[in-house]
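Chemist: Take a look at this one; I'll ask things after.
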Amino acid sequence: MAVLFIDEKKWNLDEPDRNIKYWHDLRKEPRSFFSRQSGGGSVMVWAAFGFNGQVGLAFLDGRQNSPKYIETRDNHLMPFAENIGGRNWEYQHDNAPIHTSNAAKNYLNSKNVTVLDWPPLSPDLNPIENVWGIMSQKVYENRGQFYSMNALKTAIERVWYSLEPEILQTLIMSMEKRAYNVILRNGKILNY
């Protein structure tokens, strides 16, 4: 059975979260970056992928809640799920409250979507977290910050649509090993 991995990520204009420095060529002058109050803004992005590909990104407006979560799934996942998961697929999302609300559960049940059981606080198990990391390196390389939301969105889309299918497939194929390592480590965090 195919698994579709789904998640949201906040992207900042200035830099990735918790990033307070940048790497530069020591033979060149360091670049200076301007600082904006509260980081200058951010955009929330939703994505999904499976072994056979990925769906289009969704840029989410405002604070997310269960109705918005359901709307995103209805518009951006359900029409394309069979294309990347086949007829028989399962859905993986983390245990964020908007994902596990009664409204979200009822919606997924009404669509006959099977949700993969997932341990809490386990981003190291989720391959989409690795995708976000790969994308973050590429989105913020050379620049570290963006001057407009449109420029940031364009960079995110460029990186998402240029991801090699083999990278996504390799991450998914690592799931068995990840699960095995979690058992060996008695549930302790992995280095993925």
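Every read-out reported here was derived from the displayed coordinates using simple, explicitly stated rules and does not represent laboratory data. Quick caveat: nothing in here was measured; it's all calculated off a predicted structure. Glycine also receives a Cβ, built like all others from the backbone with ideal geometry; neighbour counts cover every protein chain displayed.
Chemist: I'd like the antiparallel share, as a percent to the nearest 5, of DSSP beta bridges with both residues in the chain.
Modeler: Within the chain, antiparallel bridges account for around 70 percent of the total.
Chemist: Among Leu121, Ser66, Thr170, which residue has its Cα furthest toward the positive end of the charge dipole of the stretch 63-174, with +1 on Lys/Arg Cβ and -1 on Asp/Glu Cβ?
Modeler: Positive-most Cα among the choices belongs to Ser66.
Chemist: 5 Å is the cut-off here: which amide hydrogens, built 1.01 Å from N in the peptide plane, fall below it relative to Leu4, excluding neighbours closer than 5 in sequence?
Modeler: Glu90, Tyr91, Gln92
Chemist: Stretched out fully, how many nm does the piece from Arg63 to Gln137 gain, at 0.36 nm a residue minus the Cα gap?
Modeler: Full extension from Arg63 to Gln137 adds 24.1 nm.
Chemist: Could you identify which residue out of Ala179, Ala47, Ala58 has the top mean-square fluctuation in a GNM of the chain using Cα springs shorter than 10 Å?
Modeler: In this elastic network of the chain, the residue with the biggest mean-square fluctuation among Ala179, Ala47, Ala58 is Ala179.
Chemist: Charges only on Cβ, +1 for Lys and Arg, -1 for Asp and Glu: so what's the dipole of the stretch 78-192 about the Cα centre, in debye to the nearest 20?
Modeler: So the magnitude is around 160 debye.
Chemist: Let me ask something else. What is the magnitude of the charge dipole of the chain about its Cα centre, with +1 placed on the Cβ of each Lys and Arg, -1 on the Cβ of each Asp and Glu, and no other charges, expressed in debye to the nearest 20?
Modeler: Computed about the Cα centre, the dipole is about 400 debye.
Chemist: Roughly speaking, what is the centre-to-centre gap between the stretch 135-192 and the stretch 44-80 when only Cα atoms are used, to the nearest Å?
Modeler: Cα centroid to Cα centroid, the span is 17 Å.
Chemist: Continuing with the same structure: Count the net charge of all other residues whose Cβ sits under 15 Å from the Cβ of Leu121, scoring Lys and Arg as +1 and Asp and Glu as -1.
Modeler: In short, -2.
Chemist: Classify the stretch 100-192 as rounded, prolate or oblate from the Cα gyration tensor: take a ≥ b ≥ c as the square roots of its eigenvalues, call it rounded if a/c is under 1.5, otherwise prolate when a/b beats b/c and oblate if not.
Modeler: Oblate, because a/c is 1.5 or more while a/b does not exceed b/c.
Chemist: I would also like to ask the following. Dividing the convex hull volume of the alpha carbon atoms of the chain by its residue count, what do you get in Å³ per residue?
Modeler: So the per-residue hull volume is 142 Å³.
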